[in-house]
Amino acid sequence: MLSLTSERRTIWHGVPAGPKLLALLAATVVFFWIEAVLPMLACAAGVAALYLAGGFAFARQGARMLAPILPFVAVILAWHWWTGALAQGVVIVARMAALVALANLVTMTTRLQDMLDRVDGALALLRLPARGRRRLAVAVALVIRFTPVLMEKGRALALAWRARSARRPGWRLVLPFALTALDDADRVADALRARSGGL
Amino acid sequence: MERSLTLIALFAALIAALGLIPKFDLAGGVPITAQSLGVMLAGTLLGARRGALAVLLFLFLVALGLPLLAGGRGGLGVFAGPTVGFLVGFPVAAFVTGWATRAWARAGGARVLTTTLAALLGGVVVLYAFGIVGFAMVTDRSFAASAAIMGVFVPGDVIKAVLAGFITQAVLRARPDLVRG
């Protein structure tokens, strides 16, 4: 399934999405307010403890999701070591890692449907008309349904290319790929018009 | 209405698919993700408003926790990371690209050229302005230093802008009624 929600149940899965999102917001404000090394490292350790409360395997899964920021961590630390402001570099790196990890924690422990319900609730609070909310819901459902479909068609296009050429498939595939998406959009629009009675 | 909605949704899915299919090798065999190409195409093909909405819908699903960013990344965490500026800049880039595409096409000139220039303005100038400011803010360093680091990726995106020009021309030749929206 196309989702980053962790299959491993933790105590955080039981917490409703709303409070988790509010806590994330509050933590973001606090983390940017902290400027000293030790308090910032304590915050980062606190986030790590939240992961460990979900078990060691869960924490390892969370650590893997931090991998994309590692190159940036290395560059920032090297830069600040070079300019003689290593302490400042440590604060920046710890803040970034803690925030990304905390946000990932919310994502990993909240089901997509719960997130969508929260968004729908927030939009209702903003007095967005039900019609607009339904359009958003349909659009979200279409993207979730059609991303794997388009990926499958992209793979088929790449295979067709390989069957005919010794060279690797390149940017030329983007053209038929885009046409596929546009034509699918037309067909789905017809189907929606025929069945939904107008959106 | 339905057609605009499905175009926006299907293009959001296309942007996702372009980032998730890894084997798009650009010039010189450098594997670069085609995701920002998708953002440029959203502007050149759907126009400013619908293009920006398609990108916003894509980012909305990323924020909700779908791993749709290049390399299968996603979730709220990416909005706290060092590349957040590029994410914020994506819809603006699509909007500016779409606006410039239409404006310059009306002014005349070869369509490939005007579309490429529009993609350069939106997908490189505007996008990197956001990307560099975001990187400078998250990593707390000067704009010049951030620009120097991010500059490494500019050549790849210039190539994508040129490709966007050619692909847009070819798509419009195959589906001329797209512009009428």
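The values are calculated or read from the model by the stated rules, or taken from the named source; none is laboratory data. These numbers come from a predicted model, not from an experiment. Glycine also receives a Cβ, built like all others from the backbone with ideal geometry; neighbour counts cover every protein chain displayed.
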Inset, instruction - Scan region A:89-136 for residues that are among the charged types (D, E, K, R) and touching an Asp or Glu at 6+ places or on another chain (Cβ under 8 Å) and jot them down. - result: A:Arg133
Legend entry - Filter result (surrounded by 18 or more Cβ atoms within 10 Å (Cβ to Cβ) and either in contact with a Pro (Cβ under 6 Å, 6 or more places away or on another chain) or modelled with pLDDT under 90 (or both)) within region A:32-67: A:Met65
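Can you pull out the helices (runs of 4 or more DSSP H) entirely within region B:109-181 that have at least 1 residues that are under 21 Å from A:Gly170 (Cβ atoms) and among the β-branched types (Val, Ile, Thr)? First the steps, then the outcome.
Working: elements: B:111-120, B:127-139, B:143-150, B:154-174.
Here the list reads B:111-120, B:154-174.
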Inset, instruction - Just give me the residues in region B:48-88 being among the aromatic types (Phe, Trp, Tyr), surrounded by fewer than 24 Cβ atoms within 10 Å (Cβ to Cβ) and within 14 Å of A:Ala139 (Cβ to Cβ), in sequence order. - result: B:Phe60
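Is it the case that A:Val29 is assigned to a helix (DSSP H, G or I), within 18 Å of B:Met137 (Cβ to Cβ) and at pLDDT 90 or above? Explain how you work it out, then say what you get.
On the way: assigned to a helix (DSSP H, G or I): yes; within 18 Å of B:Met137 (Cβ to Cβ): yes; at pLDDT 90 or above: no.
No; evaluated as a whole, the condition is false for this residue.
From B:Leu57, B:Leu53, grab the single residue that is at the interface with chain A (Cβ under 7 Å from one of its Cβ atoms), more than 19 Å from B:Gly165 (Cβ to Cβ), modelled with pLDDT of 95 or more and in a helix (DSSP H, G or I). Give the derivation first.
On the way: B:Leu53 fails: at the interface with chain A (Cβ under 7 Å from one of its Cβ atoms).
Result of the check over B:Leu57, B:Leu53: B:Leu57.
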Inset, instruction - Run A:Thr110 past the list (1) surrounded by 15 or more Cβ atoms within 10 Å (Cβ to Cβ); (2) within 23 Å of B:Met1 (Cβ to Cβ) and report the number of the one that doesn't hold. - result: (2)
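Return a yes/no flag: does region B:79-100 have any residue that is modelled with pLDDT of 90 or more and within 9 Å of another protein chain (Cβ to nearest Cβ).
We begin by selecting, within region B:79-100, every residue modelled with pLDDT of 90 or more; these are B:79, B:84-100.
Adding the requirement that they be within 9 Å of another protein chain (Cβ to nearest Cβ) leaves B:79.
Yes, there is a match, as at least one residue in region B:79-100 is modelled with pLDDT of 90 or more and within 9 Å of another protein chain (Cβ to nearest Cβ).
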Legend entry - Residue that is surrounded by fewer than 17 Cβ atoms within 10 Å (Cβ to Cβ) and touching a residue at least 40 places away in the same chain (Cβ under 8 Å), where the choices are A:Ala124, A:Ala87, A:Ala98, A:Ala26: A:Ala87
Legend entry - Selected residue (only one of A:Leu77, A:Leu4 is in contact with a helix residue (DSSP H, G or I) (Cβ under 9 Å, 6 or more places away or on another chain), of a type outside the set (D, E, K, R), surrounded by 13 or more Cβ atoms within 10 Å (Cβ to Cβ) and in a helix (DSSP H, G or I)): A:Leu77
